[in-house]
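Coordinate-derived values only; no laboratory data. Here the structure is a predicted model, which means the values were calculated and not measured. Quick reminder, even Gly has a Cβ in these numbers, built from the backbone with ideal geometry, and neighbours come from all protein chains shown.
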Amino acid sequence: MHLSRGVTWSSILALGIALSGCSGMVSGDGNSATGPDTASKPAAGSGQPGVGAGGASNGAGTGSTPVPSAGGPGTVPGVVNPGLSAMHRLNTAEYNATVADALGTTLQPATGNWRGGEIDGFDNIASVLGVDDTQYGLYLDAAEAIAKDVFASDALRAKIVTCATADDMACVKGIISKTGLKAFRRPLLDAEVATYTKVYTTSRAQGADHNGSLQNVLWSLLSSAEFLYRMEFDNGVKTKHLISGYELATRLSYFLWSSAPDDALLAAANDLNTDAAIGTAVDRMLTDQKSARLVQNFAGQWLGARKVLAHPVAADVYPAWTPDIASAASKEMFAYFDEFLRSDRPWSEFLSADMNFVNAGLAGLYGIPNVTGTASTRVEYTADARKGFMGLIGFLAVSSVDRRSSPTLRGKWVLVNLLCSPPPAPPATAGKLEDKGDPTNTNIRAVLEAHRASPACSSCHSIMDPFGLAIEQYDGIGKFRTKYPDGSTIDPSTLLPPSSTYPQGISFSGLDGAEKAVTDDPKFKECITEKLYTYGLGRSLSNDDKNNAVAIEKDWETTGALSVGRLLHRLALAEPFRYRNPGSAQ
Amino acid sequence: MNKFFSRRTLLRGAGVALALPWMESLAPKVAGAATGTAPVRYMPIFLPNGAAEFWTPNGAGSGSAWNLGSVLEPFAELKAKMNVISNLENGSAFNASGLPSVEPSHGRQPGGWLTAVDAQVLRSQLKVEEANGVSVDQIMSEHAVFKGKTPLASLQLGLSTVYSYCDGQQCSNSRSVSWKTMTQPMYKMVDPLQVFNAIVNVASAGTGATGGGTDPNVAKRLAMKKSVLDAVLENATSTRSRLSINDQARMDEFLDSVRSVENTATTVSAGLGGTSSTCAIGAKPTMATVTPDGIRQTTATYNKGAHADAMNALIVMALQCDVTRIITYMLEDERSEFTYDHVTKRKFTNMGSTPTTGTCPEYHGGGQHGTQDDFAAITWWNVGKVADLCRKMDAIKEANGLSILDNSVIFFGGAMHGSDHSCDRLPTALIGSGGGKLKQDQHVQLKNRPLRDLHFTMMNSVLGMGQTDFGHNLTGAPISTIKEIVA
């Protein structure tokens, strides 16, 4: 117990030498996709798409298992009950974006300190975004500071204070209605206007002037649940029902912009009830620069780009990794996804596109010649074997540990994020593995092969390790190499055991081989659909939701180009996006 | 004398807010005979990633029979005020076998540290995506021993500056150790300025501690704040009826939080904020702790040592001003990957440690899974900051003649053993005696004793709460008092 420490499963995970359960693929809950086809079929007995009678026959107040109808909302075939919808506290990115867009303030009071929950890889999942006393105290103070900031600016204040007569209650109520619409993302009820009017009158009684009193009204609006949470109302309806135009506008804007609907979207909200209107809105929103937040928050989390800057890299092992490189590598991951979002480039090329976004430093690490300057530029460099997302330095770094590459971590990353097929958690009886010397210099393949010799470990590692082993020619910061530091030659050939996707198993070699094996797996296209569905609706997917994601993917694939933009359209038009499921029996 | 209530009584009688110097003249002279009383404080301090092997003391028993392990060496001058407890385990909260393997370890074990509940099982029982047992600090804060005695029921603090990896579990299990209800993890404040504001909000108004006295602007702002909160409550209460059953539960959580903030504001506007003859508002902290992508190591504007020092000063301030008596403090989130490049590497033996060359790596991959010395050096540095805090608390005497440290119990430890991730042999030290309720200067070697027994002992033997149960023990062993530590 001195130098050769006993290492348990989780430490192995940390080392990346081994990762998952050794008890086969049967454990875990039935919801998680544990094999390529587990979640790929709609549940038996789920309704067929309606044919014939058009219109929204499954609207509010109808039977308990409505069936979507062709021609009406939710026209994607095979889509069944959406999962439960829940009120949704704005997370830090959404809060900052919302106050900037709706009020023009440059204050960004929501910080990394305002941590909400995070599950399924995203920080916008409603079920884990609660509030407590401390957090509410921060909201209250932030609202006060924002109101003060907005009213200190003549230009920003003028947008709110559109009539200047103190104690003219028609004027005051008009301002509250208009500001409330922006803050609550829906028109206020008369009773609500009356409630916030009381803040104005109290403030006046305290001696504040017209502007100061309206500033306090803004403080109260921004401190309200109706601002801090995205809410959808059932108004007594207990079964699945269409959401209102304002609610749909809000879903779309937080999906594509991480922010509140703008004035144009709010103005058109009541018309957001046809496929054409929704399609037009989506198109406009994607051309707006605010859609960069979709890249930042969706791709940034899903693909790990947001983690690059803070990813720990040991300076003594990788002196080449500098803040400049980390920053450029992070930007490259965003730019790479952004090109897929904004072009017709098919998703099937995500792992084979031969493009980079590099500055001089990052180009040097890639070995790409003739790039100068600190700003990133798009290049297509075909003289090396490296292409596709899995060849990006940012990806290769964040999927490594600080002192070396980690085939198991990389393999697990591919299973979880590109194939949506996470391996089960390791069993409590998982064995231990001795850490042999300095892992930086070790030929990891040999260590892993020894580990897999144990039948208990082999069942999981045989599916986790191959994708990582095939890309071992890229080190812990993504630099190409052919030998390990101990001088042994890296063999990137590997074998994936038989599965439903590859009944005979499949052998492949190198980055190119690994990327092709992932791309050819049907789960690859389902996976981006599932991730966008999760992020877009901000919830952990139910079994029905997962089946819906598969159906939406089929719809995407069979109705036109396989671009990310089209997938966003198909998602926005599908029933889960337009309906709400209130949940438990009432 | 309970300062809070005595002041409340005095204020009611006088009908005006009174300046501090007058209070001081009534307060017992601390240097003289210990005639007064002082409140008990409880403070869990969470050490992430377990501890290095050098945590364990040499020898067992009391007094000269034991010596501090070399990573606990910063506590040397406080050894006489400590219990180091060996062989506590929490695997029995997770496994019917009682085995100490709980995987994924970083994602699950911290959730059970103050609850002795397996969050994963509770989530599935309650059919919700986030759940845990109510944590011991929150059960305490809701009990009559603490409830309503201070403006803030409790504080949750931390030093994490970079997003931690949550081991594939709900991040609330590894970033929060306090749970207010079974579905409500409590966030923590990391920014010293936020903590300062939270304290000053309740400590200064009406007390004159910052010289503000009955500042009309303060009173006006508080009145306005109350009006804002009234509107928020009124509207949320009305909106609630339009929501689904599930969302109504979420809204109730919101309403509770707003009411709690309103109560605090009301307390303050009545001039009843934290009062103590030793209350001293320090300087406003200025350091930056937040950037959008997190801070992972020392920078030109960030130094973890300064961050920890600022937080220590704020904790002392909160205790001195009696704004709360329960503070839960996470030195880092579990599975932290912060790079401890501000700490020089050290060489450890059982007898002590000496600096070597180079700086420490990141906490988890480089430290916990790196060399024993690097892990020990990072643990030693964190221990040093806790020891600093304890010394500061020990330097302030209270009305009962004891120090704030004496009147507190600091439960300092981690949710896993160390590099092996095992949920037994948990690193655990108690500093302070809770006003004489605990024995001192001991290394207590238990035999695979459930952690929930320690929480049980704190609640009953230190605080006299009369609890009959706490948390889970899936092996069926009954809950019991750890008599070895009770005075």
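The table below gives the values:
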read-out: Förster-model FRET efficiency, 51 Å R0, A:Thr165 and B:Lys347, C-beta, rounded to 0.05; value: 0.10
read-out: Rh (Kirkwood; distinct C-alpha pairs) - the stretch B:387-481, Å; value: 14.9
read-out: Shielding by other protein chains, B:366-378, mean Cβ within 10 Å; value: 3
read-out: Cα→Cβ-extended label distance, 7 Å offset, between B:Thr35 and B:Asn217, nm; value: 4.1
read-out: 11 Å beta-carbon shell around B:Asp406, net charge (K/R +1, D/E -1); value: +2
read-out: Out-of-range pairs (alpha-carbon distance over 26 Å; input A:Lys331/A:Lys531; B:Lys284/B:Lys392; B:Lys392/B:Lys437; B:Lys347/B:Lys439); value: B:Lys347/B:Lys439
read-out: Spin-label model distance (nm) - B:Ala76 vs A:Leu189, 7 Å beyond Cα toward Cβ; value: 6.9
read-out: The stretch B:77-143-the stretch B:215-234 distance, computed between alpha-carbon centres (Å); value: 39
read-out: Globularity ratio of the stretch A:275-422, using Cα Rg and 2.2 N^0.38 Å; value: 1.10
read-out: R0 of 45 Å, Cβ-Cβ distance A:Asp486-B:Ala288: FRET efficiency to nearest 0.05; value: 0.60
read-out: Cβ-based net charge around B:Met465, under 13 Å, with every Lys or Arg adding one and every Asp or Glu removing one; value: -1
read-out: Per-selection Rg to Rh, the stretch A:88-230 - Cα, Kirkwood hydrodynamic radius; value: 0.99
read-out: Entries of A:Lys387/A:Lys554; A:Lys148/A:Lys178; B:Lys149/B:Lys188 with Cα pairs more than 23 Å apart; value: A:Lys387/A:Lys554
read-out: Helix-only [θ]222 nm of chain B, DSSP H runs n ≥ 4, -39500 (n - 2.57) each, per residue, nearest 500; value: -9500 deg cm²/dmol
read-out: DSSP beta bridges in chain B [antiparallel fraction, %, rounded to 5]; value: 50
read-out: Backbone N within the stretch B:328-367 under 19 Å of label point (7 Å from B:Arg391 Cα along the Cβ vector); value: B:343-344, B:352-355
read-out: Residues B:Thr298, A:Thr489, sorted so that the one with the fewest Cβ neighbours within 10 Å comes first; value: A:Thr489, B:Thr298
read-out: Distance between modelled label sites at A:Ala205 and A:Thr322, nm, 7 Å Cα→Cβ extension; value: 6.4
read-out: Shielding by partners - mean other protein chain Cβ count within 10 Å, residues of A:123-130; value: 5
read-out: Proximal aspartates and glutamates relative to B:Lys447, as straight alpha-carbon distance under 15 Å, when same-chain residues fewer than 8 apart are discounted; value: B:Glu89, B:Asp424, B:Glu484
read-out: Gain on full stretching of the segment that runs from A:Asn270 to A:Leu107 - 0.36 nm per residue minus C-alpha separation; value: 55.5 nm
read-out: Per-q log10 I(q)/I(0), chain B, q = 0.11, 0.13 Å⁻¹ (Debye; single scatterer per alpha-carbon; no solvent); value: -0.93, -1.30
read-out: Full-stretch length increase - B:Leu474, B:Ala65 - with 0.36 nm per residue and alpha-carbon distance subtracted; value: 143.7 nm
read-out: Potential lengthening between A:Thr372 and A:Ser454 on full extension [0.36 nm per residue; Cα-Cα distance subtracted]; value: 24.5 nm
read-out: Low-density loop cleavage sites - trypsin sites (Lys or Arg not before Pro) in the stretch B:125-170, where at most 10 other Cβ are within 10 Å (DSSP); value: B:Lys127
read-out: Pairs from A:Lys173/B:Lys220; A:Lys238/A:Lys546; A:Lys240/A:Lys307 whose Cα-Cα separation, in the structure shown, is over 32 Å; value: A:Lys240/A:Lys307
read-out: Length-normalised contact order for the stretch A:235-347 - Cα pairs under 8 Å, 6+ apart - percent; value: 20
read-out: Within-13-Å neighbourhood charge of A:Arg578 [Cβ basis; K, R +1; D, E -1]; value: 0
